[in-house]
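In what follows, a single structure is set out as structure tokens and then discussed.
The values are calculated or read from the model by the stated rules, or taken from the named source; none is laboratory data. Treat the numbers as computed from the prediction; the structure is a model and nothing was measured. Neighbour counts run over all protein chains shown; Cβ positions are idealised from the backbone, glycine included.
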Amino acid sequence: MLNHRVPITDEVAAVVQAVVDEVKEKSMPYNNPKKLLFVRLDGKRKGRPPEGAVIR
């Protein structure tokens, strides 16, 4: 691992923290076994990250 760090604004940090809090609240061992930050919590891809095409 390279341990690169990139400074972020307080606004971006707040958004990321909000996502972390929401995922922690909604995650269970059956729908997020790998404890991913960006994860599908239901549906066919439950427990896996979103596909690249969805993000674009």
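Points to keep in mind about this one:
Yes/no per residue for (1) free of Cβ contacts under 8 Å to residues at least 40 places away in the same chain; (2) assigned to a helix (DSSP H, G or I); (3) of a type in the set (Phe, Trp, Tyr):
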| position | (1), (2), (3) |
| --- | --- |
| 2 | yes, no, no |
| 6 | yes, no, no |
| 21 | yes, yes, no |
| 38 | yes, no, yes |
| 44 | yes, no, no |
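- Segment 38-56 - residue that is under 20 Å from residue 18 (Cα atoms) and aliphatic (A, V, I, L, M) and, of those, modelled with the lowest pLDDT: 55
- Boolean, residue 15 is within 10 Å of the chain's Cα centre (by Cα) and assigned to a helix (DSSP H, G or I): no
- Scanning segment 23-36 for residues that are under 11 Å from the mean Cα position of the chain (by Cα) and in a helix (DSSP H, G or I) yields 23, 24.
- Within segment 15-37, the set of residues being hydrophobic (A, V, I, L, M, F, W, C) and surrounded by 10 or more Cβ atoms within 10 Å (Cβ to Cβ) comprises 15, 16, 18, 19, 20, 23, 36, 37.
- For segment 39-56, a residue qualifies if it is surrounded by 10 or more Cβ atoms within 10 Å (Cβ to Cβ) and not acidic (Asp, Glu), and the qualifying residues are 39, 40, 41, 45, 46, 47, 48, 49, 50.
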